[in-house]
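In what follows, a single structure is set out as structure tokens and then discussed.
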Amino acid sequence: MTSRPVIPVRTASGKPSAQALAQMDKRWRIRYLMLAPHRLGFFLAMVVLVASGLWWALVQLDRSTAWLGLHYAVSPTLVHSAVMAFGFIPLFFSGFLFTAGPKWLGVEPLPVQDLRVPLVSQAAGWLLWLAGAHLHAAVAWAGLALAGAGLVWMTVQFWGRIRRSQAQDQLHARAIGAACMVGCASLAGLWLSLVFGAHAAARAWIFTGLWGFVVVVYVTVAHRMIPFFTSSAMPMVQAWRPFWVLWLMLAAAGLQVLAAWLELAGVPSSASGAAWLLVHGTLQLVVGGVLVWLAWVWGLVQSLKNKLLAMLHIGFLWLGVAFLLGGLSQWLSVTLGIGVLALGALHALTMGCLASLMLAMVTRVSCGHSGRALVADRIAWSLFWCLQAAALLRIAAAVPGIAGLPWPWLLPLAAGLWAATMGAWGVRLGRWYGCLRADGRPG
């Protein structure tokens, strides 16, 4: 018979050991959120994620049935777009940047107490933003200002880590730091646009933040981490990440920012608009093709043997699909006069790529830093495929004629499935962040 490992009950000082404490206290406590940067950032991100998902599902239900009779002080589409781009994602970034970032840079991590105010400000600001959508526009503006101030504070703190670094390779960290500055500028531009009633400019600022901030951080982290994770789990796959791949992805994100501002300037509807749409569409098709090829080279097929790794690779594959759909949409717009895939391409990016990578990466970090095995268990794997179904439903709902009769329920169904999936995921992991590590180690 194999004997059970002996857990030391007390340390040399007479206090209970970490392992003993973890076994004694299994309750959720708010003070445990302050044990590590990722705990606080991820927990607050889950709060905003679950709240925004439930809110959007209710909006879609009301639009379809008029059962709730909701009043809107701010356009719900604008509210949804902003919170999806700037709400929970930067809070997830904070958990990663202040946990892995110091290791990249070879500097001391920031004390969790220093992150409390900027992170709580962002979460509280976005909850006010959602409430202000129904109460009063001024409440929404106040929430947006509070969230923006928190993001600026967080960005300053991350740049403080960069300035202290003596590491030779700072490219990835500096690219992320620059992207965070774009995010701060985008939130400020969004706030000013709303205050002055420039809703078209507000939309351009949201797209600037989505591509110039969120996507840049995602592709920068993907370039550094996906090949590393793959080669660590599967030694037969070589870690291949040339810098031209990173520059290509950054340039592709910049192209989409440029497209948002050219649209605001009215270029697509001008005399030279068709030429621009063809050029833009062709570039997106080329980028999409390269990214699909890159997903294959990085070990997409091999990763299917490891569920947690497969989630990362499938999420990255969606990025290539999003560009392909976007390019096809531009070509169809010019040749047939119909833009049938633009919203589909957008949701292939947000729900397919960004959300899939978010679920995969956050699950991985949360497992590792809670003393659990680095595996996607049955629950995580099932939630991942529920997310894929929600993304496909949303893309289908974006095609004209599909979401009408006889399938008017596609959009509410996609929103409901998103809310249920993110709710289940958020509640599950949210409990981990307020409990001690299962293995009794600190952090």
- All conditions in (1) modelled with pLDDT of 95 or more; (2) out of contact with any Phe, Trp or Tyr (no Cβ under 8 Å at 6 or more places or on another chain); (3) surrounded by fewer than 18 Cβ atoms within 10 Å (Cβ to Cβ) are true of residue 274 except (1)
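Take residue 112 and tell me if it is open to solvent by less than 60 Å² (accessible area, probe 1.4 Å) and either of a type outside the set (A, V, I, L, M) or within 18 Å of the chain's Cα centre (by Cα) (or both).
Values: open to solvent by less than 60 Å² (accessible area, probe 1.4 Å): yes; either of a type outside the set (A, V, I, L, M) or within 18 Å of the chain's Cα centre (by Cα) (or both): no.
Considered against the rule, which asks whether it is open to solvent by less than 60 Å² (accessible area, probe 1.4 Å) and either of a type outside the set (A, V, I, L, M) or within 18 Å of the chain's Cα centre (by Cα) (or both), residue 112 comes out as no.
Closer than 22 Å to residue 42 by Cβ and touching a Cys at 6+ places or on another chain (Cβ under 8 Å): which single residue out of 120, 152 fits that description? First the steps, then the outcome.
Working: 120 fails: touching a Cys at 6+ places or on another chain (Cβ under 8 Å).
So the residue among 120, 152 that is closer than 22 Å to residue 42 by Cβ and touching a Cys at 6+ places or on another chain (Cβ under 8 Å) is 152.
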- Looking at (1) more than 14 Å from the chain's Cα centre (by Cα); (2) surrounded by fewer than 23 Cβ atoms within 10 Å (Cβ to Cβ); (3) closer than 21 Å to residue 94 by Cβ; (4) touching a residue at least 60 places away in the same chain (Cβ under 8 Å), which is the only condition residue 194 fails? (3)
- Query: Looking only at the range 254-285, which residues are more than 22 Å from residue 336 (Cα to Cα), without any contact (Cβ under 8 Å) to a residue 24 or more places away in the chain and within 26 Å of the chain's Cα centre (by Cα)?
  - Reply: 258
- Item | Identity of the residue in the range 285-299, in a helix (DSSP H, G or I) and among the aromatic types (Phe, Trp, Tyr), that ends up farthest from residue 322 (Cα to Cα) | 296
- Task: Starting from the range 422-443, take each residue that is within 16 Å of residue 44 (Cβ to Cβ) and list its partners that are surrounded by fewer than 15 Cβ atoms within 10 Å (Cβ to Cβ) and among the basic types (Lys, Arg), counting only C-beta distances under 7 angstrom and pairs at least six apart or across chains.
- Result: 434/29
- Just a yes or no: is a residue in the range 118-127 open to solvent by 30 Å² or more (accessible area, probe 1.4 Å), out of contact with any Ser or Thr (no Cβ under 7 Å at 6 or more places or on another chain) and not in a helix (DSSP H, G or I)? no
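Would you point out which residue out of 283, 258, 250, 246 is surrounded by fewer than 18 Cβ atoms within 10 Å (Cβ to Cβ) and either in contact with a strand residue (DSSP E or B) (Cβ under 6 Å, 6 or more places away or on another chain) or under 24 Å from residue 85 (Cβ atoms) (or both)? So that I can check it myself, show each step before the final result.
Values: 283 fails: surrounded by fewer than 18 Cβ atoms within 10 Å (Cβ to Cβ); 250 fails: surrounded by fewer than 18 Cβ atoms within 10 Å (Cβ to Cβ); 246 fails: surrounded by fewer than 18 Cβ atoms within 10 Å (Cβ to Cβ).
Selected residue: 258, the only one of 283, 258, 250, 246 that is surrounded by fewer than 18 Cβ atoms within 10 Å (Cβ to Cβ) and either in contact with a strand residue (DSSP E or B) (Cβ under 6 Å, 6 or more places away or on another chain) or under 24 Å from residue 85 (Cβ atoms) (or both).
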- Message: Just to verify a result, which residue in the range 108-132, among those that are aliphatic (A, V, I, L, M) and without any contact (Cβ under 8 Å) to a residue 60 or more places away in the chain, is farthest from residue 33 (Cα to Cα)?
- Response: 131
- Out of all the residues in the range 129-154, which are over 16 Å from residue 195 (Cα atoms), open to solvent by 10 Å² or more (accessible area, probe 1.4 Å) and either outside any loop (DSSP other than H, G, I, E, B) or of a type in the set (Val, Ile, Thr) (or both)? 130, 131, 149, 152, 153
- Query: If you take the residues of the range 366-400 that are among the aliphatic types (A, V, I, L, M), open to solvent by less than 60 Å² (accessible area, probe 1.4 Å) and touching a Gly at 6+ places or on another chain (Cβ under 7 Å), which of them is modelled with the highest pLDDT?
  - Reply: 391
- Within the range 160-180, of all residues that are open to solvent by 50 Å² or more (accessible area, probe 1.4 Å) and not in a loop (DSSP other than H, G, I, E, B), the one nearest to residue 211 (Cα to Cα) is 174
- Item | Filter result for residue 332 (within 20 Å of residue 400 (Cβ to Cβ), free of Cβ contacts under 8 Å to residues at least 40 places away in the same chain, part of a helix (DSSP H, G or I) and of a type in the set (A, V, I, L, M, F, W, C)) | yes
- Query: Which pairs have Cβ atoms under 9 Å, sit 6 or more apart or on different chains, and link a residue in the range 346-369 that is of a type in the set (D, E, K, R) to one that is open to solvent by 10 Å² or more (accessible area, probe 1.4 Å) and part of a helix (DSSP H, G or I)?
  - Reply: 364/229
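The values are calculated or read from the model by the stated rules, or taken from the named source; none is laboratory data. As the structure is a prediction and not an experimental result, all values here were calculated from the model. Note that we place each Cβ from the backbone using ideal geometry, even for glycine, and neighbour counts take in every protein chain shown. Surface accessibility is based on the protein's heavy atoms, side chains included, excluding ligands, DNA and RNA. Shrake-Rupley method; radii C 1.70, N 1.55, O 1.52, S 1.80 Å.
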